[in-house]
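Enquirer: Pasting in a structure now, in structure tokens, and then I'll have a few things to ask.
The values are calculated or read from the model by the stated rules, or taken from the named source; none is laboratory data. Owing to the predicted nature of the structure, the values given are computational and were not obtained by experimental measurement. Please note: Cβ atoms are built from the backbone with ideal geometry, for glycine as well, and neighbour counts cover all protein chains shown. To get the accessible areas, we keep the full protein, side chains included, count just its heavy atoms, and leave off ligands, DNA and RNA. Shrake-Rupley method; radii C 1.70, N 1.55, O 1.52, S 1.80 Å.
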Amino acid sequence: MEILVTGGTGKIGRRLIPVLIENGHRISVLVRNKEKACDLLPAECRVITGDITNSSSIQGCCDGIDIVYHLVSISGNERPSEREFARYRKVNVEGLRNVINEAKGKVKRFIYVSSIAAMGIVKEMPISPESVCRPYNPYQVSKYEAEQLILQEVKDNQFPAIILRPSQVYGVGGEYSYQNIMKMVKMGFLPKMREALVSHCYIDDLISTLSCVVDKGKCGSIYICTTEKSIGFYESVRLISTLMDRKVILVPVSRWIIYSMAFFIEKICALLGRKPFVTRSNIIAMTTDRIYDLSKNKEDLGFTSSVTMEEGIRRCVLSNLDKGI
């Protein structure tokens, strides 16, 4: 099949495209920087230059295309402000709208990679695609609004779209590979708040889901991509310290003390015009359980995850140690 990937030079796209080529598909990639794309992507890829925020620059990008994987996104943890909401919506919502307009009436499947962040902080467990979303910051809100845009297109125009919500994507060589926690373990102590259960998405499992959702996913559906079994955050810390052969002391600290400190840090940084390194929403997120109901993935896709949190962490830590990190 003919497949268009937007955001193909990103961490997910660079892992997905070789798999698609290996499976016999012909790949076109929509990028802003052709030179960068040619350096990063397989030579078999057809490179299309365009900017999704400029509708005229991407005209015709979906001509002859069967499947679109829309991976383009900007992410971050900025605090709510009119300026930041506009910046995120320009790419994550309006840019998506431009691609949808090119794809309508042409493609057989449109796979949109959203994020579990679109749900905000969900307090009711387990978390499912039907859970109530409470997005807060500009990134979360823009991803949620992007999902609503797609679902409206499905409802009004039978647009053949499927939404994936990965949790934190991690893996060997990825942007998130437990390096920061390893650095804290090296220090020998770590503040201990409530033991929150966490579940991340190993990159290999995300690629497997992206591959099978085309044939097995149902249009208009939302699928959460994450490890099936959540583990305690400090359980992961203990596993990392064992792999590093380091002792780490967990110092009990009240969540409300840290929360109060984050409040003052936010205020001071606002006065100085700087981005706070920790916020109250960070603290709440860090101490809120994430337990997922993946029954929809099992029923529709026949797949949830193959790499447990324990195995994924082990792979990342050993790889980092081999690199001297």
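Enquirer: Assign one of three labels to the stretch 131-279, namely rounded, prolate or oblate, based on the Cα gyration tensor with a ≥ b ≥ c the square roots of its eigenvalues; rounded applies when a/c is under 1.5, prolate when it is not and a/b is larger than b/c, and oblate otherwise.
Expert: Oblate, since a/c reaches 1.5 and b/c is not below a/b.
Enquirer: When ranked by the protection proxy of mean other Cβ atoms within 10 Å per residue, highest first, what sequence do the peptides 247-260, 111-124, 311-324 form?
Expert: 111-124, 311-324, 247-260
Enquirer: Another one. To the nearest 20 Debye, how big is the dipole of the chain about its Cα centre, given +1 on the beta carbon of each Lys and Arg and -1 on that of each Asp and Glu? All intermediate terms of the calculation are to be shown ahead of the outcome.
Expert: On the way: 44 positive and 35 negative charges, 206 e Å.
Here the size comes out at about 1000 debye.
Enquirer: Using the structure shown, list the pairs from LYS104/LYS155; LYS11/LYS216; LYS229/LYS298; LYS106/LYS218; LYS90/LYS267; LYS11/LYS183 with a Cα-Cα distance above 21 Å, or answer none.
Expert: Violating the 21 Å limit, Cα to Cα: LYS11/LYS216; LYS90/LYS267; LYS11/LYS183.
Enquirer: Dividing the Cα convex hull volume of the chain by residue count, how many Å³ per residue is that?
Expert: Each residue corresponds to 146 Å³ of Cα convex hull volume.
Enquirer: Using the alpha-carbon centroid of each, what span in Å lies between the stretch 1-23 and the stretch 25-89?
Expert: Distance between centres, Cα-based: 12 Å.
Enquirer: Another question, then. Please report, ordered by residue number, every helix of the chain (full DSSP H runs) that is 15 Å or longer along its axis going by C-alpha atoms and whose mean Kyte-Doolittle hydropathy reaches -0.5.
Expert: Working: long enough: 11-22 (18 Å, 0.57); 138-157 (28 Å, -0.93); 203-216 (20 Å, 0.77); 233-244 (17 Å, 0.78); 255-272 (25 Å, 1.35); 309-322 (20 Å, -0.25).
TM-like helix candidates: 11-22, 203-216, 233-244, 255-272, 309-322.
Enquirer: Let me ask something additional. Indicate the gyration tensor shape class of the stretch 168-222 (rounded, prolate or oblate), computed on the Cα atoms with a ≥ b ≥ c the square roots of the eigenvalues: a/c under 1.5 is rounded; otherwise a/b larger than b/c is prolate and the rest oblate.
Expert: Note, shape of the stretch 168-222 comes out oblate.
Enquirer: Give the peptides 263-272, 90-99 in descending order of average Cβ contacts within 10 Å, highest first.
Expert: Descending mean neighbour count gives 90-99, 263-272.
Enquirer: For the stretch 161-207 and the stretch 102-139, what is the separation of their C-alpha centers, rounded to whole Å?
Expert: Comparing the Cα centres of the stretch 161-207 and the stretch 102-139, I get a distance of 19 Å.
Enquirer: Taking each pair of different alpha-carbon atoms in the stretch 24-173 once, compute 1/r for the pair, average those values, and report the inverse of that mean as the Kirkwood hydrodynamic radius in Å to one decimal.
Expert: Here the Kirkwood hydrodynamic radius works out to 16.6 Å.
Enquirer: Can you send over the carbon and sulfur percentage of the accessible area for the chain, probe radius 1.4 Å, protein chains only?
Expert: 52 percent
Enquirer: Below 12 angstrom from the Cβ of SER281, what's the summed charge of the other residues (Lys, Arg +1; Asp, Glu -1)?
Expert: +1
Enquirer: Counting helices only, and only those DSSP H runs with n ≥ 4, report the 222 nm mean residue ellipticity of the chain as the sum of -39,500 (n - 2.57) divided by its residues, in deg cm²/dmol to the nearest 500.
Expert: Mean residue ellipticity, 222 nm, calculated: -12500 deg cm²/dmol.
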